[in-house]
Every structure is written in C-alpha cells, then in structure tokens.
Amino acid sequence: MKTKVAIIGGGPSGLLLAQLLHVRGIDSVMLERKTKDYVLSRIRAGVLERGLLALLREAGVADRMEREGLPHDGTLISYGEEMFRIDFTARTGHAVMVYGQTEVTRDLYEAREKAGAVMEFNAEDVVVHDATSDAPSVTYRVAGQDRRIDCDFIAGCDGFHGVSRQTIPLDVRREYEKVYPFGWLGILSETPPVSDEIIYASSERGFALCSMRNKNLSRYYIQCDLSDKPEDWTDAAFWEELKRRIPAAQAATLVTGPSIEKSIAPLRSFVTEPMQWGRLFLCGDAAHIVPPTGAKGLNTAASDVHYLYNGLRQFYETGDRAGLDGYSEKALARVWKAERFSWWFSNLMHRYPAQSAFDLKIQQAEIAFLRDNGAAQQALAENYVGLPY
Ligand code: APR
Ligand code: PHB
C-alpha cells in the first residue's frame, strides 16, 4: 500500500490528524493495535480548550460538540469548607467546553468512516523502517498476514505504550519523567452533577474533583493510594469519601447512585525530546503525559496535531519544509508550558504522603493567595483555557 502519511495509533491524536489532512486532500492510512470499540470504551477527561474547538471545526467534526457540549466560563476551587471561583471569561475573554474525550473520538471515527478512510484495526507488530531516509515505510501484521505501507511521512500517534517513540535511538532521545505518589480513583454515574461548574477540591483527606459529562452524567474523582484497586472501593465508600473532601454545602446536595465505570489512574509527568526523527513525528501521549489536574492531556495532543498538520499542509501545498523542520521545537515549547501548569496545579491541590507541616502551610498559603490575588487567578485562567498555539 502507498500513502502520503502513515498514522500509527487510532486514538484522538491519530484520528484528528487524519481527518484534518483529509479535509485538505492529503491521504493517510491509520493503523490501530486494538479495535474501534476498545478505543471507544476508554474514559478520559472532558474539558476542551478553544484551540481544540477550532481544530474540530476545521476538521468538520464539531456539530454534535456545539449542540451537546457545555461551555464553562469558570471553575470552582475549594479547600476545606471554603470555596472560590475563577472566572475564565472575565480574566481571559475565553471559555472552555465540557465534552467528553470519548465523544470527540466517537465523532472523529464517524467522520473517518463517512470519508471512506483506510483504517486497519488489530494491527500487530507495527515496525517503522527507514525514518531518516526519503522513503520510509511501516510494516505490520493483520490476521496473520504481513503488510507494508510506503509513505512520505510517519505520524507516531500511538500513545505512551506505542512503538513510535521507541524507534528513535537512545542516543538521540532524552526522556524526562516525574511519578507522583498517588492515583485518581474515578467514577462515572448517571446522576445530575453536584455543581454547574467543575470543582477542584483540596482537603485534609486528599484531593477530589467534581466534573460532568452532561446534565445527568457526572464524573467524580478522589485522590487514592497507588496500591488501591478499584474493587477495594464500593460505591458507598467512594461517595462517603468524596463527601468528606468537598464543602458541607455541596456534600449535602450531592446526588449519589450506582457507578457505571470505576477505574484508577496513576499520575505521571513525562516528556520525550525530540518529537521528530527524520520523517517520523511523535504526537500526543506518544511524546508526553501530564497528570490530569487541569485536563491538559487531550489539549496538548491537539496542539501537536495543529503544528504537524500545518507543517504537512505547507509541504504539500508549497513544497516548503520549514513547518515540518521546526515541528519538534515548536511543539515542545508549548508542551513544557502545559507540563508546568499540570505539575503546579497537581502540587497545589494534592496531599503528599510525607508532607511536612511546613509544606502543608505553604500549600494553604498558595491557595489563599490564589483566592485573593487577581494576577494569580489570571495566570491560572490563561493556562486553563489554553495558551495560544
Ligand atoms: N500500533 C498501532 N496502534 C498502537 C500501537 C501500535 N504499536 N500502540 C498503541 N497503539 C494505539 C493504542 O491502542 C491507542 O488506541 O494508539 C492509540 C493511542 O491513543 P491514546 O493513548 O489515546 O493517545 P493519543 O491519541 O495521543 O491521545 C492523547 O488522549 O488517550 C488520551 O490520555 C490521553 O488525553 C490524552 C489524549
Ligand atoms: C473530567 O471531566 O474527567 C476531568 C475534568 C477536569 C480535569 C480532569 C478530568 O482536570
């Protein structure tokens, strides 16, 4: 098979890139290790920055998001019994859109199918060849059959556990990592959200987050130990713990119900440099991971897709390679700012296992500073709604 861009990975990064290229008449082939149903069963964050909204519109996949998404003009931060609001629109002129990543992915799959996209599922043993030559290729196996794609460029959109990053030799690649000593236990429940806006809650017992997908679907998280298992937590125990971490007024109105999903995610910060090796370009989780505090995972993947899409477009429309050559540098400059924000917001809101009394006081003083200081609120708001591309 021959194509312009071989895309490894059928998560949101690979799908969005493929769809944007399709709109500009640039053909691609997408390889996914799992099935579409498997990809759509993963539940991730649900806050979209304006840059991603613009990309979804450009890709022609924004209709359902515009209809069903919930624009949010601000967010709430609580600590103990106190709560304050950060007004995004007043501080930055921009809002965010609450719309699940799973729904974004579903909309993208629908558009790809409608466009007659070439997508190979259950692709095994994907291998990148000759990435630093002018004629790269990708080989893989489907249902016991060996296959090969010859292409101009390869987009490595295969997530943290993919093969693309590993293709870059160790003497070229440098990785930066921070692992946090806690996880997030999350549940989805068919109950009305406790608040119209997302609540980030810092408490003596640890962090909690009250989020939502729609008027009757809520997403809640509590900070948990890394050794915890979802099955250790009954629904009743989860609700009880959540109530203890949010202000009493919210706890009193919280509507509980059976969980329809329950999972634990560890928290990690990770960046690999460079994000480009010859004709191989890394996008999204293949190159970087952020802790979920602030919901920057999908949004940072989207900024990579923006830079790569524009570089490819420039190349195919004018022959100019400048956008492609500058990809890694441009993408990483923004990635590190999102890393910094997610790390900062995580540190601010969580309890650390061996936190000293001094560290706790500093954390409390920083939250009080954020509550009282307009410039601090503006800094949070600008990062939350998304730094410009
Ligand atoms: N070959 C083909 N596909 C692969 C391979 C491989 N060797 N390895 C992994 N994949 C697939 C995975 O099955 C997955 O569907 O690549 C896809 C990567 O998708 P994500 O992990 O969702 O990563 P990405 O598309 O970059 O999305 C970034 O979405 O998943 C969230 O937390 C993530 O919010 C972040 C954003
Ligand atoms: C979510 O809705 O799942 C969510 C929202 C905000 C976050 C993380 C996750 O910071």
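The values are calculated or read from the model by the stated rules, or taken from the named source; none is laboratory data. Fair warning: this is a prediction, and the values are worked out from it, not measured in the lab. Virtual Cβ from ideal backbone geometry, glycine too; neighbours counted across all protein chains shown.
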Quick check on residue 150: is it in contact (Cβ under 8 Å) with a residue 12 or more places away in the chain and surrounded by 15 or more Cβ atoms within 10 Å (Cβ to Cβ)? no
Just for helices (runs of 4 or more DSSP H) wholly inside region 311-389: which have at least 2 residues that are more than 26 Å from residue 52 (Cβ to Cβ) and basic (Lys, Arg)? 357-372
Within region 50-88, tally of residues that are under 30 Å from residue 26 (Cβ atoms), of a type in the set (Gly, Ala, Ser) and surrounded by 15 or more Cβ atoms within 10 Å (Cβ to Cβ): 5
Quickly run through region 177-219 and pick out the residues that are under 30 Å from residue 286 (Cβ atoms) and in contact with a Gly (Cβ under 7 Å, 6 or more places away or on another chain). 211, 213, 219
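Residue-wise test of (1) charged (D, E, K, R); (2) over 14 Å from the mean Cα position of the chain (by Cα).
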position: 283; (1), (2): no, no
position: 309; (1), (2): no, yes
position: 320; (1), (2): yes, yes
position: 325; (1), (2): yes, yes
position: 348; (1), (2): no, yes
position: 352; (1), (2): no, yes
position: 356; (1), (2): no, yes
position: 367; (1), (2): no, yes
I'd like to know if region 224-243 contains one or more residues that are away from ligand 1 (no atom under 16 Å from the Cβ), hydroxyl-bearing (Ser, Thr, Tyr), at negative phi and touching a residue at least 24 places away in the same chain (Cβ under 8 Å). no
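Can residue 7 be described as within 19 Å of residue 311 (Cβ to Cβ), more than 16 Å from ligand 1 (Cβ to nearest atom), in contact with a helix residue (DSSP H, G or I) (Cβ under 6 Å, 6 or more places away or on another chain) and among the aliphatic types (A, V, I, L, M)?
It is false that residue 7 is within 19 Å of residue 311 (Cβ to Cβ), more than 16 Å from ligand 1 (Cβ to nearest atom), in contact with a helix residue (DSSP H, G or I) (Cβ under 6 Å, 6 or more places away or on another chain) and among the aliphatic types (A, V, I, L, M).
Conditions tested, residue by residue: (1) within 16 Å of ligand 2 (Cβ to nearest atom); (2) in a strand (DSSP E or B); (3) farther than 30 Å from residue 371 by Cβ; (4) modelled with pLDDT of 95 or more.
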residue	(1), (2), (3), (4)
195	yes, no, no, yes
206	yes, no, no, yes
211	yes, yes, no, yes
222	yes, yes, no, yes
227	no, no, yes, yes
Those residues of region 257-286 which are near ligand 1 (Cβ under 8 Å from one of its atoms) and over 28 Å from residue 95 (Cβ atoms) amount to 286
